[in-house]
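First the structure, in the form of structure tokens, and then the observations on it.
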Amino acid sequence: MYTPIIIIHNILRWVIVLAGLAAIVRAFIGWTQKKEWTLLDNRLSLIFTISMDIQFLLGLILYLFLSPVTEVAFEDFGAAMANSGLRFFAVEHLLIMVVALVLAHVARVLAKRAPDDTGKFRSIAIYFTVTMVLIFLGIPWDRPLFRLS
């Protein structure tokens, strides 16, 4: 069960990156050029946050039940904290991604509550940019970028 979940987790990472970057670019253009908030803008931000929600659930399944890396880390958590590779997956990756997920949802809420289109774009632009920075910090770049097996 580990292999299909990690493959989906890997593929979904790229959906998140693409959707997030598309939403950010449109948000900055909309904000700076005073454009109208459209259905496409709403859908891009929704795809981004829903993809992050699914990714988080898959990540939790891996973290708690399937990952051999976290299994080793949980056997001796003190030793895992001394090993940068184990510490990354046992603590850092999870923490960074949880904060990113929360910020993405905050952006959506603020955009929904914004009184005008400029406010919607501004919220998405700022919060999604910070979210993407966190995502890029939390991605394990030493792992395969495209895992299909």
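We did not get these values from a lab; they are worked out from the coordinates using the rules stated. The shown structure was predicted, so the numbers you read here are calculated from the model rather than taken from an experiment. Because the Cβ atoms are built from the backbone with ideal geometry, glycine has one as well, and the counts that use them run over all protein chains shown.
Quick rundown of the values:
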{"read-out": "Cα long-axis angle, helix 93-113 against the chain (0 to 90 degrees, to the nearest 10)", "value": "20 degrees"}
{"read-out": "The chain - Rg and Dmax from Cα coordinates, angstrom", "value": "17.1, 54"}
{"read-out": "Per-pair calculated FRET efficiency, R0 = 22 Å: I5 and R87 via Cβ, rounded to 0.05", "value": "0.50"}
{"read-out": "Spin-label pair L18/E75, simplified geometry with 7 Å Cα→Cβ offset, distance in nm", "value": "3.9 nm"}
{"read-out": "Max mean-square fluctuation residue, GNM over the chain, Cα-Cα springs under 10 Å, options L39, L103, L57", "value": "L39"}
{"read-out": "Nearest 10 degrees, 0 to 90: helix 2-32 Cα axis against the chain principal axis", "value": "20 degrees"}
{"read-out": "Value of relative contact order over the chain, rounded to a whole percent, pairs C-alpha under 8 Å and six or more apart", "value": "35 percent"}
{"read-out": "Between the range 109-140 and the range 25-46, the alpha-carbon center distance in angstrom", "value": "11 Å"}
{"read-out": "Cα centroid separation - the range 67-89 against the range 1-23, whole Å", "value": "23 Å"}
{"read-out": "Calculated FRET value between L60 and V130, using beta carbons and R₀ = 22 Å, to 0.05", "value": "0.50"}
{"read-out": "Nearest-ten-degree value, helix 39-61 long axis tilted from longest Cα axis of the chain", "value": "10 degrees"}
